[in-house]
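> Mind having a look at this structure? Questions to follow.
The values are calculated or read from the model by the stated rules, or taken from the named source; none is laboratory data. The model shown is predicted, which means the values in this text are computed figures rather than measured ones. Counting neighbours? That spans all protein chains shown, and the Cβs are built from the backbone with ideal geometry, glycine included.
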Amino acid sequence: MGSLQLVGFVGPSVNWWALLPQIILLGAALAVLLVSALAPQRASTVFTTVTTLCAALTSFVVALGLWSDVKADGPSSSIASAFGVDGFSIFFTVLILIGLATTALLSHGYLDREEMDPPEFHALLLCSAAGAIVMASANDLIVMFLGLEALSIGIYVMIAMHHRRSEARESAIKYFVLGAFSSAFLLYGIALTYGATGSTNLVHIRSYLDAVVFQDQHLLMAAMALLLVGLSFKVAAAPFHFWAPDVYQGAPSPVTGWMASIAKAAGFAALLRIFFAAFASHDVDWAPIVGALAVITLVIGSVMAILQTDIKRMLAFSSVSHAGYVLVAVHSASATGTSAALFYLFTYTLMVLGSFAIVGAMGPDDEHPLSRYTGLGRSRPVIAIGFTVLLLAQAGIPTTSGFIAKFQVIAAAVESESYFIAGVSMVTAVIGAFMYLRIVMAMYVVDEGEEGPRPIWHWTTSVVVLAAVGFTIIVGLVPQFLIEFARDAVPVLVRG
Amino acid sequence: MVELIWLVPALPLLGFFLLLLIGHKVGEPGSGWIATIAAGGSFLATLAVFVGLLGRDGHAGDRSYEFILFEWLPAGSLKVEAGFLVDPLSITMALFVTGVGSLIHLYSIGYMHGDPKFSKFFLYLNLFLFSMLMLVFGNNLVVTFLGWEGVGACSYFLISFWHQRESAARAGKKAFVTNRVGDWGFMIATFAIWSALGTVTYTEISNSPAMSAATGTAVSLLLFVAAAGKSAQLPLYVWLPDAMEGPTPVSAMVHAATMVTSGVYLLVRMNSVLTDDALLVIAVVGAATALFAALCAVAQHDIKKVLAYSTVSQLGYMFLAIGSGAYVAAIFHVITHAFFKALLFLGSGSVIHGMHDEQDMRKMGALRAVMPITAGTFIVGWLAIAGVPPFAGFWSKDEILLAAWEQKNIGPLLWFVGLVTALLTAYYMSRQVILVFFGKQNWEEDVHPHESSWTMTTPLCLLAGAAVVGGAINLPLVKDWLVLEHFLEPIFHHPHHFSSGTATKIALAVISVVAGLIGISIAILSWLTRRIPTDRLEPEFLENAMYVDATYARVVGGTGTSAFQKTADFDSSVVDGSVNGLGRLIMKFGQLIQPTQSGYMRNYAIGIAVGALAIIALLAWGLLL
């Protein structure tokens, strides 16, 4: 007698512990939304900011727990190898959480001033952060794509939320349309990767590519090219950077900071995981292209930066050139290069968040002409010194973290014998330094008797700037701890 | 006592922090004294370290002591420590840096009297001294680079200290941009040395096997680019004459005695990697700079401009010495030059101070009666730089000329250029002394020149003493008297020995003294007794520094400055329109690609599509290869 056998669906094993950081963030997002819907009078700015900060902190503690697990038991992955837990993912989780807490603090004063709704903003920010973490941890191209979209959709809306300003809407539309355009490239790249290797899972792709010698590589090459295009857009590498100055300028300053730091970092996380870890056996094919992108990005970023007269556009192009430095590190396709890239992203994130904190606090987000900063050195000496430190750090002046970061990147390029690229990065550092100096000079060189600006300054902004400046100088003097963290965070692909 | 080395940079750093915290409360003159005591203490600490070093055996290689603070930068296989290297070279540099530096601190208390930013000035001075000591004592290229950037930054701050003056702000910017070219050479040289030798620590570099000839020459030339930027050699010298916009003590300390000689220090420190080909280049550039700048100095009217070009010219001598392989002579001249040029600058500062900020020499004259101490000490400095024996400048210059004579390839030519420079130097310095202190009174009746206060004249007298006897540290008369040479000997890979006989040496010395006397005579005949018409001696061509600055302005759209007013008239459209030095060229390029940033999404999408096609094409092309 034949009996009907029920074949139950057996899902992959899930390591919930590893997913906890994102789950906490999403939970907090829901909580904020629920409270604002059910008890609107309770959902004050303070409540939402504190909720976001608590979520970030809890998540941070969990991430530290995961870190000690990884140290003890080695890297692992779960959900059918789709989600990795290694030094790399935790490094980015920590970075993203720092960015989240910073942006929450910055938006605290900003949202009130610009009369924007805090609960929605924070809910989107939390979702965006969760997406970024997924993107950095994903061991599967589809999961990575989901993370990227979650990250981006949050940003689209956060930009457009500033409804009184048409520039904000214009920015949002621009970023959205071009983002969708570049997502199409990425998605097509994923499809072609699947076609070439038979999987979207990076662990499988890696072992497949190690074992197989292709007779015809065209499909794989096209896949790599399209993946590179999609991610280059996210990190604002030239010639996929055109959106950046326009969008950075139009977006609310805290969102600009978030885009310039965390969206970029997550994009690089994906880039490193895919190219350095999964396509490692084909580095002779992709490394020269990344090198070419790096050179173009460095040159365009630094040259265009000095043409600008608006601070936000200056910083936008400077962030383009920073992407160029990270690409130089990625280009070297070595563990040294990868940890240099990680170190760079970490220090850069703090510098750029601090800079946009100051920019956002300087006044309404209509335009940010350089002249607004004239005489800041006299009227607000402490802020001016803080901004100077952050700018000089971006220029790579010694005793700041920026110097150590650039030093490591160039050292990685020299180690992989890319002397031309090392030379270009040093020349563009020289050009870039000029732009930062221009801002510094504007703050300090004033005519006798001229009064500098006296912006209203929320204390949360001071906390952020102080932390960013302190971090920048401390890492500049004793970088050891961060260098070790970055060295242990080189991505590892393991089957789970 | 060598272990006290940490104290040497720590004291100025402490002074800096003190002034940062309480400077504005202490005000004038307290903050000046804090800085001066910090600098003086640093000098005493250096003396203690020096005595400790002398107590060690020079021949057994004991006189090299490394003091490691902590491991700073582990990057891949590269380990960089934050540490100091105490050896004869660094201690020699540090002795005169802290010594002359302390005197200039003291002088500044008088000079900056009444300035609203009095305490800020001393804050920068202490920070500068700290950075300079990091540069000198760093035990590897990266720590030296830290100091290198630090002194650069302080130099820009101090040049544009009176930044209400448009010209001062612009001069600061110009120094910044020009120096970045040199910094770029430094960075590439550092990485090239690391990739060739696997280390950036000085002691390990000097013990490493030689690099291949091509790499060695490339590294040497890159180091020379770095040195040429900081030490104002052709063609990167343009910032130094403009740097005179800073307060005069700054010109004396930063732009004459200490910072500008750090290029010389760097090359001497790295002597083990310099190749013969590179040395020839260095010698030629040095000689050319010496002659060029001396010619420019001939026709300047600004009392400080003469000294500025003179500094460039004397730095050229030092590079000529390095290029000829005579490192000791270079360091010797660095030291004597520090004495007499600091003296001359401080003297000119005293004159400017006494004349109520007048800098045009044509409006001075006959000041020796009203400013006797300034005049007397200035005359000592003049005799020293003019190469009159037995003043300090004679001995060091003579050694350089001898080394140039013995240079293997084109020795006599280099020597001749050096000799002509010596003649010109004697001439323009005599002209300056006559115009300022002798002749007839050219100032208005309502100007009342006066002698400066004791804080200003004391350093003048001490420096004048040093300028008289400074040559004694390396007298070539008896072999045992070559104190400096024996002290520095352990530093060098190929110790330099003069091969000429005594007769040649004496003949060369006599010729150079005669050249100096001819220069002085011409000046006396033309400027004092007016036997030679003077208008032809100041061709416009030279007054405008041969239009080099203007040519730069034309070629790369660089900056002209108000100090080069004639040049500005010469091409006002380029000069007035530009603020950004080399930036103009970059700007042109930027404007070329500016239209891509149109603001239209469709254009951006096309950009993405083109980029994507390019990447696909590149990868496909890679496959075809």
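> Grab the helices (runs of 4 or more DSSP H) fully contained in region A:42-154, keeping just those with 1 or more residues being over 23 Å from A:Tyr348 (Cα atoms) and within 21 Å of the chain's Cα centre (by Cα).
A:45-73, A:118-137
> Let me ask you something else. Out of everything in region B:152-182 that is among the basic types (Lys, Arg) and within 8 Å of chain A (Cβ to nearest Cβ), what residue ends up being farthest from B:Pro235 (Cα to Cα)?
Out of the qualifying residues, it is B:Lys173.
> Would it be correct to say that B:Gly229 is within 13 Å of chain A (Cβ to nearest Cβ), within 14 Å of the chain's Cα centre (by Cα) and more than 30 Å from B:Ser119 (Cβ to Cβ)?
So B:Gly229 fits the description; yes.
For every residue, the table says whether it meets (1) modelled with pLDDT under 80; (2) more than 7 Å from every other protein chain (Cβ to nearest Cβ); (3) out of contact with any helix residue (DSSP H, G or I) (no Cβ under 9 Å at 6 or more places or on another chain).
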position: A:Glu417; (1), (2), (3): no, yes, no
position: A:Val424; (1), (2), (3): no, yes, no
position: A:Thr428; (1), (2), (3): no, yes, no
position: A:Gly432; (1), (2), (3): no, yes, no
position: A:Glu448; (1), (2), (3): yes, no, yes
position: A:Glu451; (1), (2), (3): yes, yes, no
position: A:Thr460; (1), (2), (3): no, yes, no
position: A:Val465; (1), (2), (3): no, yes, no
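> Of A:Leu353, A:Leu293, A:Leu345, which residue is closer than 30 Å to A:Ser171 by Cβ, within 13 Å of chain B (Cβ to nearest Cβ) and in contact (Cβ under 8 Å) with a residue 24 or more places away in the chain?
When all the criteria are applied, what remains is A:Leu293.
> On the basis of being within 20 Å of A:Ala244 (Cα to Cα), within 12 Å of chain B (Cβ to nearest Cβ) and modelled with pLDDT of 90 or more, does A:Val303 make the cut?
Criteria not met by A:Val303.
> Can I ask one more? Spot the failing condition for B:Trp194; the list is (1) within 20 Å of the chain's Cα centre (by Cα); (2) assigned to a helix (DSSP H, G or I); (3) of a type in the set (Phe, Trp, Tyr), and only one is missed.
(1)
> Now for a different question. Taking the criterion of being more than 10 Å from chain B (Cβ to nearest Cβ), free of Cβ contacts under 8 Å to residues at least 40 places away in the same chain and out of contact with any Cys (no Cβ under 7 Å at 6 or more places or on another chain), would at least one residue in region A:475-482 satisfy it?
Checked against the condition, which is being more than 10 Å from chain B (Cβ to nearest Cβ), free of Cβ contacts under 8 Å to residues at least 40 places away in the same chain and out of contact with any Cys (no Cβ under 7 Å at 6 or more places or on another chain), region A:475-482 yields at least one hit.
> Identify all residues within region B:444-482 that are crowded, with 19+ Cβ neighbours inside 10 Å and over 25 Å from B:Val100 (Cα atoms); write none if there are none.
B:Pro449
> Here is a follow-up. Examine region A:205-215 for a residue that is buried (at least 18 other Cβ atoms within 10 Å of the Cβ), more than 10 Å from chain B (Cβ to nearest Cβ), touching a Gly at 6+ places or on another chain (Cβ under 9 Å) and in contact (Cβ under 8 Å) with a residue 60 or more places away in the chain, and state whether such a residue exists.
Scanning region A:205-215, I find at least one residue that is buried (at least 18 other Cβ atoms within 10 Å of the Cβ), more than 10 Å from chain B (Cβ to nearest Cβ), touching a Gly at 6+ places or on another chain (Cβ under 9 Å) and in contact (Cβ under 8 Å) with a residue 60 or more places away in the chain, so the answer is yes.
> When you look at A:Leu298, is it crowded, with 24+ Cβ neighbours inside 10 Å and over 28 Å from A:Leu370 (Cβ atoms), yes or no?
It is false that A:Leu298 is crowded, with 24+ Cβ neighbours inside 10 Å and over 28 Å from A:Leu370 (Cβ atoms).
> From A:Phe279, A:Phe268, A:Phe317, which residue is in contact with a Pro (Cβ under 7 Å, 6 or more places away or on another chain) and in contact (Cβ under 8 Å) with a residue 60 or more places away in the chain?
The conditions single out A:Phe317.
> Could you figure out which of (1) surrounded by fewer than 24 Cβ atoms within 10 Å (Cβ to Cβ); (2) in contact (Cβ under 8 Å) with a residue 24 or more places away in the chain; (3) assigned to a helix (DSSP H, G or I) isn't true of B:Phe161?
Every listed condition holds for B:Phe161 apart from (3).
> Somewhere in region B:353-363, is a residue at pLDDT 85 or above, buried (at least 19 other Cβ atoms within 10 Å of the Cβ), assigned to a helix (DSSP H, G or I) and in contact with a Leu (Cβ under 7 Å, 6 or more places away or on another chain)?
The answer is no; no qualifying residue exists.
> List every residue pair whose Cβ atoms sit under 8 Å apart, with the two residues 6 or more apart in sequence or on different chains, where the first one lies in region A:223-242 and is within 13 Å of B:Leu618 (Cβ to Cβ) and at the interface with chain B (Cβ under 8 Å from one of its Cβ atoms) and the second, anywhere, is in a loop (DSSP other than H, G, I, E, B) and at pLDDT 95 or above.
As it stands, the answer is none, since no pair meets every condition given.
> Determine whether A:Val359 is under 22 Å from the mean Cα position of the chain (by Cα), modelled with pLDDT of 85 or more and either in a loop (DSSP other than H, G, I, E, B) or surrounded by fewer than 24 Cβ atoms within 10 Å (Cβ to Cβ) (or both).
Yes; evaluated as a whole, the condition is true for this residue.
> So, in region A:168-190, how many residues would count as being farther than 18 Å from A:Gly147 by Cβ, more than 19 Å from the chain's Cα centre (by Cα) and more than 11 Å from chain B (Cβ to nearest Cβ)?
2
> Quick one: B:Leu274 ticks every box in (1) within 12 Å of chain A (Cβ to nearest Cβ); (2) of a type in the set (A, V, I, L, M); (3) in a loop (DSSP other than H, G, I, E, B) except a single one, so which number is it?
(1)
> Taking region A:264-274, which residues are of a type in the set (A, V, I, L, M) and under 20 Å from A:Ile190 (Cα atoms)?
Matches in region A:264-274: A:Ala266, A:Ala269, A:Ala270, A:Leu271, A:Leu272, A:Ile274.
> Same structure, new question: Would you tally the residues in region A:393-414 being more than 8 Å from chain B (Cβ to nearest Cβ), part of a helix (DSSP H, G or I) and surrounded by 24 or more Cβ atoms within 10 Å (Cβ to Cβ)?
9
> On to the next question. Tell me, please, whether a residue that is under 12 Å from A:Val330 (Cα atoms) and more than 10 Å from every other protein chain (Cβ to nearest Cβ) can be found in region A:251-268.
Yes, that holds for at least one residue.
> Just to be sure, is A:Ser68 free of Cβ contacts under 8 Å to residues at least 12 places away in the same chain and either of a type in the set (S, T, N, Q) or crowded, with 21+ Cβ neighbours inside 10 Å (or both)?
The answer is yes for A:Ser68.
> Still on this structure, please answer the following. Residue by residue through region A:328-347, note down the ones that are within 22 Å of A:Ala292 (Cβ to Cβ) and in a helix (DSSP H, G or I).
Hits for region A:328-347 are A:Val328, A:Ala329, A:Val330, A:His331, A:Thr336, A:Gly337, A:Thr338, A:Ala340, A:Ala341, A:Tyr344, A:Leu345.
For (1) within 14 Å of chain A (Cβ to nearest Cβ); (2) modelled with pLDDT of 85 or more, each residue gets a yes or a no:
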| site | (1), (2) |
| --- | --- |
| B:Phe43 | no, yes |
| B:Gly52 | no, yes |
| B:Arg56 | no, no |
| B:Ala60 | no, no |
| B:Pro74 | yes, no |
| B:Ser77 | yes, no |
| B:Leu95 | no, yes |
| B:Ser102 | no, yes |
| B:His105 | no, yes |
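> On the given criteria, is B:Pro209 in a loop (DSSP other than H, G, I, E, B), free of Cβ contacts under 8 Å to residues at least 40 places away in the same chain and either hydrophobic (A, V, I, L, M, F, W, C) or assigned by TED's automatic domain parsing to the domain that holds B:Ala82 (or both)?
Yes: the conditions hold for B:Pro209.
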